[in-house]
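First comes the structure, then the notes that go with it.
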Amino acid sequence: MMTSRRLSLTAALGAAVLLPVLLTGCGGGSAQPAPTATGNAVSPTAAATTAAPTPSATATAGAAEASCEDLIGSDILADLKAQNWTYKEDVFAVAGETLEGGITCTWADYSVASGNLLLFGWAPITAEEADAAVSRLESQGWTREEAAEGYYVTEDATQSPTTDENGYGMTYEFGDGWVTVADTKQGLLLIQRPAS
């Protein structure tokens, strides 16, 4: 379910305006070598979606399964499809530790040579797992910042390949029983967390 801040952002900017803003910040327009075939890029269609992993016993009880298509709003999904973007689904990891039941989705147009991509992820997490993850991130130079529903942990902007208009690069948002990640802090606003 979207929070009120996500609704207000969408209403103020509109999905059609927000996506180009994010895509502009995701990489330069200069030609780059063709992307290496990953073998697991998936076209975002209902028939091609793979089953999402089931949350583990250490995760929040009753957490719903997540999918790359459900992790973002339908307007954003439609915009990505219209631009021929597909996703690569992977496990959710924080500082090298995998969280069972989580999902990370890397969206890009894999048919062209480009550095443009969007990263969205979600995972159920216990308080103990969150404390350990944040400790690992902080030991690597990431910065913790309090938020209304929990807290953010952001990569040092000088180390991040992509930053948003406020200078934030890759960012995790930790809440009560969940964690999300995006390639920029602003990108977190587009994530729709599964019900838990």
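For the stretch 86-102, a residue qualifies if it is over 16 Å from Thr126 (Cα atoms) and open to solvent by less than 20 Å² (accessible area, probe 1.4 Å), and exactly one does: Tyr87. Just to be sure I understand, how many residues within the stretch 103-121 are closer than 20 Å to Gly177 by Cβ and either open to solvent by 50 Å² or more (accessible area, probe 1.4 Å) or of a type in the set (Gly, Ala, Ser) (or both)? Residues meeting the conditions: 1.
The values are calculated or read from the model by the stated rules, or taken from the named source; none is laboratory data. Small disclaimer: the values here were computed from a predicted structure and weren't measured. Neighbour counts run over all protein chains shown; Cβ positions are idealised from the backbone, glycine included. Calculation scope for accessible area: heavy atoms of the full protein, side chains included, ligands and nucleic acids excluded. Shrake-Rupley method; radii C 1.70, N 1.55, O 1.52, S 1.80 Å.
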